[in-house]
1. From the phi angles alone, apply the Karplus equation (6.51, -1.76, 1.60; θ = phi - 60°) to region 159-171 and give each ³J(HN,Hα) in whole Hz, x where the residue is Gly or Pro.
2. Kindly identify region 30-118 as rounded, prolate or oblate by the Cα gyration tensor criterion: order the square roots of the eigenvalues as a ≥ b ≥ c, call it rounded if a/c is under 1.5, otherwise compare a/b with b/c, prolate if a/b is larger, else oblate.
3. Non-local amide H neighbours of Ala241 (under 5 Å, H modeled in plane, Pro and chain starts lacking H): which ones?
4. Can you run phi through the Karplus equation (6.51, -1.76, 1.60; θ = phi - 60°) for region 195-205 and list ³J(HN,Hα) in whole Hz, with x for Gly and Pro?
5. Taking amide H atoms as placed 1.01 Å from N in the peptide plane, list the residues 5 or more away in sequence, or in a different chain, whose amide H sits under 5 Å from that of Gly108.
6. So if each residue of separation counts as 0.36 nm, and I subtract the Cα-Cα distance between Ala37 and Val128, what length gain in nm does that give?
7. Could you pull out every residue, at least 5 positions away or on a different chain, whose amide H is within less than 5 Å of the one on Ile56? Hs are placed 1.01 Å off N in the peptide plane, and Pro or chain starts have none.
8. Lys/Arg Cβ at +1, Asp/Glu Cβ at -1, dipole of region 153-266 taken about the Cα centre: which of Ala195, Ala207, Leu177 is farthest positive-ward?
Amino acid sequence: MANDEQIRSEVMAEAEGEVPERFTGEFPIQIRGLSNAFGEQTIHQDLDLDVRKGEILGVVGGSGTGKSVLMRSIIGLQRPSAGQIEVFGQDVSADSPSGEINLRSRWGVLFQGGALFSTLTVGENVQVPLKQFYPELVPELLDEIARYKVVLTGLPEDAASKYPSELSGGMRKRAGLARALALDPELLFLDEPTAGLDPIGAANFDALTRELTDTLGLTVFLITHDLDTLYAICDRVAVLADKRVVEVGTIPELLESDHPWIQEYFNGPRARAAQDSKTRAEASHPGHAERAGGKALDKAREGQA
């Protein structure tokens, strides 16, 4: 049986020339004049948004403002009524089938609840996109990659052999994240990643997201209603209201807005509690978030070695 080094060399030789170069522009996602409607109900109208390379962009808005619809439009699961969406400089809606496949291999998605296949183990779930885009990979290497991705997200190595029903809610989120990272994406889409987690679990997931973003050079599109997440890890926040993105900026910049929803959301008691929590954490544990997220990466690196 071929050893690991031989397997890697064979796969690299086969894949040479097929792996796209990483995006070097300023905005991996650009949206202009986007409209989405379901029958007579218009969700988005003339929506514009730029997502900067390397940032964690938090996306917030009231119920029914179409946060998930916006994400689904970007990744091609929802066809807009009008407008243009460019990902890595390519028009998603006008792209050819082969081009769409190329684009989809360059992003990962964590849906609410993880959206894992219940009849597959965690490792097998992680292997699904690998088998789809790289069918030439041999089972030994598939197992190795899946194990690495599982450990990368802070799960124990033996979680790869477990089924989703055997995991806690927080572990299922991490398993879903491992699958989202299977193809070493440049873009990561997270839909309410901390929903349903206890405060400690949510804070640890936030720290992991920040560390992965910085270490792997990711750009993250993060839908959330969690104010702690916004304050802790988001570089900028895009606010959906009135069928469009009404403001994009840092939280201090948003606090200067006179939009009523923004004022109510970011100046309410929960927002003040989130800000106080961040201030206390920074004062008493400088660098704590980075260390918490780094533990999982350290384990993964040890396993890879």
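1. 5, 4, 9, 8, 8, x, 5, 8, 10, 6, x, x, 5
2. rounded
3. Val246
4. Values, residue by residue: 4, x, 8, 6, x, 5, x, 5, 5, 5, 5 Hz.
5. So Gly108 has HN proximity to Leu187, Leu188, Phe189.
6. Taking Ala37 through Val128 to full extension adds about 29.6 nm, to one decimal.
7. Distant-sequence amide H within range of Ile56: Val220, Asp235, Arg236.
8. Leu177
Rule-based calculations on the coordinates, nothing more; no lab input. Since we're looking at a predicted model, the values are computed, not measured. Here the Cβ is made from the backbone with ideal geometry for all residues, glycine too, and neighbour counts use every protein chain on show.
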